[in-house]
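In what follows, a structure is listed as structure tokens, so that the remarks can point back to it.
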Amino acid sequence: MECSYCERACEIPEKMNGYCRMYRNEQGTITENYPDAYLNIYPVSSESIPMLHFYPNAVFLLISTIGCNFACEGCISEFQTTRPGTLQDILTVHTPEEILSIAREGACRGITFCLNEPAVSLPTFLRVARAAKKEGLLVGCSSNGYMTPEALQSLIPYLDFVNIGLKGSTDERYRECGAASAEPVYRNIKALYDAGVAVEISAMYLNGREHEVIGAAERIRAISPDIPFQVMRFMAMRKDLRAIEPTREQGEQLCTELRRYLNHVFLFNTPATTELDSRCPVCGATIVHRVFFGPMAARVLSCRPDGVCSCGYRFPYLGEIDPVFEGEPRILGGYRSIVGVQIISEIIRTLGVTDEAEIDRIGKIVITDGYLRTLQEHMSSISAYLGMIRYVAGLAHREEQGNILTEYMQSIVDEVRDRVGGAGKPQVYVALSHPLLPLYAVKFENILTVAAGGTSLNIAIDHKESSKKEYIAEEVNALNPEVIFISGHFPTPVTDFLGTCRELGIMCQAISEHRVYVLNAGYAPGTPRWILGLMDMANILHPDLCRYSMPEEEVRFDKVITSL
């Protein structure tokens, strides 16, 4: 029997699963395997869906399940899209009424299905959508758009907004993701737009595939040049994919090119870009100022009253603009739950666990027991991080291996501290890709800076998420760091970083003395390999006291891991 929900049109034999493993053939009826069962339920802003022209800065309740009808290389949602069949035990069942109750308790304007493809849980989403509309809540989703016309028409009456994620413009590009053709997606975008649904586009941009994004913009222009178009700069989550990650400059140049075709173009996944702002086409003033807020997400820092420029131009949005929230954010940005699971998974693998079902079992525990919600606390100090390793080792029944690993790491920490303990402490500024974007004070790189014998300026200025503060060149000059580290999460080459500093008028001791360094992405805090990063930072801060041979230390680390 053929599944009618997505354009893959899977032929599902009796008592068997389809391609996405979310539906089965039950006596001639296509049935959900995991109805009303969710992996994620939490509040997000409209800019994290992402929707930039629909109820700006409003709070929506995000819901997601597992599974996808695509298989895209480098997908940031890989954890929850490629494991139906092993992640089902993590899911929690909620009736539509319970979902609405959670939304009301969180003062959410509506419901949004995000992070994985709604077509693989369409009956579940429809039940929630119908109930939400009856209660007067807004309903929307992010989707790859690869639904059958029948499935889309069943959903349209309940949709207020949708973000369609484009992989490109050609059939060739869509075949790379397991689809047969790009045509159904563009057909569905037109159907949604013609039906009055607020449509925004997020187009994946891979280095060397600019023609795919430009082709997509041309096809969207044929529907309407006013559809907001978000360029999703590909973020390589694996070392082997870094070659297809474009630079910030490439992304910004592409946005300039795309404005020949479309009126509203934005650049995502790019710290410190100004291409997330909505600017007045009449006088050039910024009407809505947004910043990077994690993968696939933005955050509003400021907005002109009612979106109206001083010259009288009105930013074209639907609904209302909610005020910028002051204090600790009540919403989560980007794909933080997924990134959290990835950090835990890397620790599990480092401990020698290779069975994916076992990794998923532990993932279920850290999700359901609330551990992920306090992940930042477990990365607030070196001792807390080592405690997290021991906790995960206990869940994996590998306590001995956890002890071996943490004892090795603690010995390195103690050794570095002994070597640099009596030395001066150079003042260090850690930037996230751009000189005016200091890393938040709580981030682990700042903790390593202190352990490596430096003074963290990021901690000293207490830069945090709730401050909504952006730094200016004069403030960085006043800090006058002796050393600048560029975070390995979103690295900018030193030459490009220095070029930006010159453009902004930044001149400090670190620049004049040529002490600007990119942190090794392979030593990032997302894995226990940060211990190598500590030694590397100590070499930089105290070259007279620390002369670690990083190739040799990598071999030593690998030997410890192999022995586990």
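Could you order Tyr313, Tyr408 so the one with the most accessible surface comes first? Probe is 1.4 Å. Display every interim value, and only then the final one.
Details: Tyr313 60, Tyr408 20 Å².
Solvent-accessible surface, decreasing: Tyr313, Tyr408.
Note on Met550/Glu150: beta-carbon distance plugged into 1/(1 + (r/R0)^6) with R0 of 60 Å gives a FRET efficiency of 0.55. Of the GluC sites (Glu not before Pro) found in the range 464-564, those that fall in a DSSP loop while having at most 16 other beta-carbon atoms within 10 Å are Glu470, Glu513.
Any idea what the relative contact order of the chain is, in percent, if you count C-alpha pairs under 8 Å spaced at least 6 apart?
Details: 1062 pairs, mean separation 57.9, N = 564.
Averaging sequence separation for qualifying contacts and normalising by length gives 10 percent for the chain.
Could you please state how large a percent of the accessible area of the chain is carbon and sulfur, counting protein chains only and using a 1.4 Å probe? The computed percentage sits at 52.
Add +1 for every Lys or Arg and -1 for every Asp or Glu among the other residues with Cβ under 12 Å from the Cβ of Leu532, and state the total.
Numbers: positive: Arg529, Arg556; negative: Asp536, Glu552, Glu553, Glu554, Asp558.
Around Leu532, the surrounding residues sum to -3.
Which part of the range 515-540 falls in the paramagnetic zone of Ala423, meaning amide N under 12 Å from the point 7 Å along Cα-to-beta-carbon? Answer for the range 515-540: 535-540. By its C-alpha gyration tensor, with a ≥ b ≥ c as the square roots of the eigenvalues, how is the range 207-347 shaped: rounded for a/c under 1.5, else prolate for a/b larger than b/c, else oblate? The shape class here is oblate.
Check every DSSP H run in the chain and write down those whose alpha carbon atoms cover 30 angstrom or more along the long axis and whose mean Kyte-Doolittle hydropathy is -1.0 or greater.
399-420
Order 197-205, 382-390 from most to least packed using the mean count of other Cβ atoms within 10 Å. Kindly include the intermediate steps, with their values, before the conclusion.
Details: 197-205: 23.6, 382-390: 17.1.
With the highest mean Cβ count within 10 Å placed first, the list reads 197-205, 382-390.
Convex hull over the alpha-carbon atoms of the range 366-518: what's its volume per residue in Å³? All intermediate terms of the calculation are to be shown ahead of the outcome.
Values: hull volume 18.8 nm³, N = 153.
Value for the range 366-518: 123 Å³ per residue.
A straight Cα-to-Cα reach below 26 Å connects Lys464 with the lysines Lys425, Lys443, residues fewer than 8 places away in its own chain not being considered. For the range 459-564, the fraction of C-alpha pairs more than 24 angstrom apart is 36%.
If Lys and Arg each add +1 and Asp and Glu each add -1, what is the summed charge of the other residues whose beta carbon sits under 12 Å from the beta carbon of His211? Around His211, the surrounding residues sum to -3. Surface analysis of the range 458-564 yields an accessible area of 46 Å² per residue, using protein heavy atoms and a 1.4 Å probe.
Pairs from the list Lys167/Lys239; Lys134/Lys364; Lys167/Lys190 with a Cα-Cα gap above 23 Å: Lys134/Lys364. Other residues with beta-carbon under 12 Å from the beta-carbon of Ala179 carry, at +1 per Lys or Arg and -1 per Asp or Glu, a net charge of -2.
The values are calculated or read from the model by the stated rules, or taken from the named source; none is laboratory data. It should be emphasised that the depicted structure is a prediction, and the values quoted were computed from it without experimental measurement. Heads up, the Cβs are rebuilt from the backbone with ideal geometry, glycines too, and the neighbour counts pull from every protein chain shown. Heads up: the accessible areas ignore ligands, DNA and RNA and are worked out on the full protein's heavy atoms, side chains in. Shrake-Rupley method; radii C 1.70, N 1.55, O 1.52, S 1.80 Å.
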